[in-house]
Every structure is written in C-alpha cells, then in structure tokens.
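This report concerns only the one structure given below.
The values are calculated or read from the model by the stated rules, or taken from the named source; none is laboratory data. Everything numeric in this text was worked out from a predicted model, so none of it was measured. FYI the Cβ positions are ideal-geometry reconstructions off the backbone, even for glycines, and counts take in every protein chain you see.
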Amino acid sequence: MPFNWRSALLLLLLCGFALAARADGPGDDPIARAVFPPDLVMKHSQEINLDERQRAAIKEEVQKMQAKATNAQFDLQGESQKLVRLLQARPADETAVLAQVDKVLALERQVKRTQILLLVRIKNLLTEAQQAKLSELRAKG
C-alpha cells in the first residue's frame, strides 16, 4: 500500500491540536490541570458564581481566539497543500521541503500559542476560589 501523504499530514495537524483537546480532560497532563477551557467555565458558571464582567471578558477572549485560529487554519491548510505538492515531486527537493515544513510548523506553533494564551487569560479572569471549585468539579467528571 503506498504511503498516503495527505493522511500523514492530517494526522500531523490533528496532533497539533491535541493540546486544546487535553485541556478538556487533563488526566496526567500538568498543563491541562493548571488551566480551564472556556466550555468548562461556562458549563459551571453558576456553581463558581461567574459574574457578568467575567462572562463578557471570557466571551470576548474566545471570539478573538476563534478569529485568529480561523485565519491560522486557512493559512495552515494552504501551506500544508504546498508541502504535499513538494513531497509528491520525484525527486523531492529536500531544501524546499524543509523550508515548507518550517512554515507549517510555525503556523502550528502560532495556533498552539493562541490556544494557551486563551487558557491563561481565562484563568487570570477567575478568582482563586473559582479556580479551586472548577478543579473540584472537573475531578468529579
């Protein structure tokens, strides 16, 4: 069976978004345990006594992140397609492939950085008591 570059690239991209997914279910991930994804905060907004100022600020941060992530995903898709074309060449130009890989990885880094920034900003909007309660609620499932 021939190697499917598109499937491999898709797998690579999905792995790039693993950090955000782990934030929903932290398991043994110390980074995920230290932050709170927006859906968890909103799901338990009443239990943690989230006020309107906090709710509005979280909503604004999520909207900003979504706009950045959407732009980055479009850019990532375009750069990934270029990488696939370079990899399909016979022979493949190693220098061009590595340069394109650097572009793809830079975009993936940008997406991850934006995701972490969102999680940090949400955490900083919450009081210590709210964070403690969210940790407790997350542990319960």
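Quick rundown of the values:
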{"item": "Subset of segment 35-59 (residues that are over 13 Å from L137 (Cα atoms), more than 17 Å from the chain's Cα centre (by Cα) and assigned to a helix (DSSP H, G or I))", "result": "E52, R53, Q54, R55, A56, A57"}
{"item": "Selection count where residues are loosely packed, with under 11 Cβ neighbours inside 10 Å and either small (G, A, S) or within 22 Å of T114 (Cβ to Cβ) (or both), scope segment 71-91", "result": "1"}
{"item": "Residues within segment 107-139 that are in a helix (DSSP H, G or I), surrounded by 14 or more Cβ atoms within 10 Å (Cβ to Cβ) and of a type in the set (A, V, I, L, M, F, W, C), tallied", "result": "10"}
{"item": "Inter-residue pairs, beta-carbon under 6 Å, first within 18 Å of L40 (Cβ to Cβ) and in segment 106-131, second polar (S, T, N, Q), 6+ apart", "result": "L125/Q54"}
{"item": "Options Q66, Q110, Q54: the member that is at pLDDT below 95, touching a helix residue (DSSP H, G or I) at 6+ places or on another chain (Cβ under 6 Å) and of a type outside the set (F, W, Y)", "result": "Q110"}
{"item": "Boolean, Q66 is under 22 Å from the mean Cα position of the chain (by Cα), assigned to a helix (DSSP H, G or I) and crowded, with 18+ Cβ neighbours inside 10 Å", "result": "no"}
